[in-house]
1. Do any of 32/218; 307/430; 87/218 go past 23 Å between their Cα atoms, and which?
2. Could you order peptides 261-267, 199-205 by the average number of other Cβ atoms within 10 Å of their residues, highest first?
3. Amide H neighbours of residue 230 under 5 Å, counting only residues 5+ apart in sequence or on other chains, H built in-plane at 1.01 Å?
4. For residue 395 and residue 325, what does the FRET efficiency come to when R0 = 25 Å and r is the distance between their Cβ atoms, rounded to the nearest 0.05?
5. Could you calculate the FRET efficiency of residue 163 with residue 291 from 1/(1 + (r/R0)^6), where r is the beta carbon distance between them and R0 is 22 Å, rounded to 0.05?
6. Within 10 Å, count the other beta carbons around each residue, average over each peptide in 326-333, 129-136, and list them highest first.
7. Restricting to DSSP H runs of at least four residues, report the calculated mean residue ellipticity at 222 nm for the chain, -39500 (n - 2.57) per run over all residues, nearest 500 deg cm²/dmol.
8. Give the relative contact order (percent, whole number) for the chain; include only Cα pairs under 8 Å separated by 6+ residues.
Amino acid sequence: MSIKVRFAPSPTGYLHVGNVRTALVNWLFARKVGGHFLLRIDDTDSGRSRPEYTAAIEEDLRWLGLDWDSETHQSQRFERYAVAAEKLRASDRLYPCYETPEELDVQRKMLAGRGLPPIYNRASLKLSEEQKKKFEADGRRPHYRFLLNDEEIAWDDLIRGPAHFKATHMSDPVLLREDGVPVYTLASVVDDGELDITHVIRGEDHVSNTAVQIQIYKALGFDVPQFAHMALLKTKDGELSKRLGGNDIRTLRETGILPMAINSLLARIGTSDVVEPFLNMPALAEGFDFKKFGRAPANYDVAELEKLNEKLLHQLPFSAVADQLAFKDEHFWLAIRGNIKTLAEARQWWDIVHGEILPDIADEDYFSTAFHVLPIDPWDENTWGQWTKKLAETTGRKGKELFMPLRIALTGINHGPEMKFLLPMIGRNKVIQRLRDRFL
């Protein structure tokens with residue numbers, strides 16, 4: 001069997017890490033088995049969908065390295081949903097309902113008050129043609145529900161194991177809104193069936209959707225795909241939301257987080273594998289296995305992402321980050337990569353070495369002495385040691401008392417890359433300038 005999966009985001013906002021984890025798991029599975037990865041844009045909601053969000057989704061996926069083999073947009077498939085809806089009507093599985101949202105809310109509250117599950121009572125099935133016409137004459141437009149068969153619905157979930165639902169414990173789902181627009185429950189089934197999706201991998205918040213959709217697949221004559229429902233991501237503040245600031249991919253990218261740091265973390269949290277940095281996607285896909293996923297919520301911690309990003313940065317060759325840096329200096333990158341947490345910090349160190357820094361006035365006599373024992377050109381990685389040794393002999397200072405004033409005077413920061421690397425890159429002329437600023 002040829003494996004085909006899909007990632008189906010709605011273009012109503014930017015991708016956040018919860019979305020990306022779903023996309024990533026689908027992608028890793030497809031690439032592990034040599035399958036097909038479909039990007040499906042779920043843009044049936046014309047009121048909330050925006051083309052700029054579609055473009056942003058595609059841009060973010062490319063940045064993460066999640067390429068897709070084909071793409072489709074639900075807004076271009078309304079005709080196919082209408083054909084499917086007509087087939088369900090013809091088989092008496094789709095029926096019109098006329099209750100208003102307020103009436104349905106009253107029904108739910110009455111059932112809840114009696115300790116019963118809030119299941120639709122199928123009152124519209126008992127309406128006569130005259131009653132339907134009267135509703136429509138009064139201006140009510142029907143929405144359409146799918147008539148569930150009274151049977152047990154079961155499947156073997158690739159993550160959760162055996163799953164069982166009783167249709168009698170579920171409401172007949174709405175498939176068409178009053179304006180005739182299909183809801184996700186129908187459109188997704190039609191797409192999966194007609195586009196030959198073999199595996200549906202998504203969050204466990206869709207488990208109840210899966211139960212009703214299995215009956216819809218069968219009613220439309222489609223093969224039922226295999227399902228894998230992942231435990232949701234959680235933060236210290238609870239479940240993720242696409243509107244929760246700081247967890248969207250754009251923000252992470254702008255703060256200098258690397259794509260492989262995001263991929264490495266999201267691929268491993270919630271599994272039995274140790275979270276560790278991966279340099280490339282093939283290596284990450286190699287170890288993918290549904291059996292490694294647990295049932296407990298996967299804890300997403302941005303601090304863990306930052307630590308992983310730092311470890312990854314310290315390993316990366318210049319070629320892996322060259323197109324993301326404002327400078328094109330491999331020697332500089334190798335000198336500073338071991339002391340940065342994000343790519344944004346690389347630019348900060350570039351500006352420290354090559355730009356202007358605010359003077360830090362301290363012991364003027366010490367800086368005057370340092371100026372007068374400054375080694376002559378040419379400078380290399382031994383120059384810092386030669387300079388501080390001479391300064392120690394002249395002043396009697398040692399340890400931090402010796403080198404920290406110089407580091408702060410020359411960089412404005414009391415920590416960072418080794419000065420033996422920074423000093424020759426700053427250069428003798430700029431060092432003279434910065435020292436003079438401190439004692440003249």
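Where a number appears in this text, it was derived from the coordinates with a stated rule and is not lab data. Every value quoted in this text rests on a predicted model; they were computed, and no experiment measured them. Heads up, the Cβs are rebuilt from the backbone with ideal geometry, glycines too, and the neighbour counts pull from every protein chain shown.
1. Over 23 Å apart, Cα to Cα: 32/218; 307/430.
2. Result, highest mean Cβ count within 10 Å first: 261-267, 199-205.
3. The answer is 202, 203, 204.
4. 0.05
5. 0.85
6. Descending packing order for the listed peptides: 326-333, 129-136.
7. -13500 deg cm²/dmol
8. 14 percent
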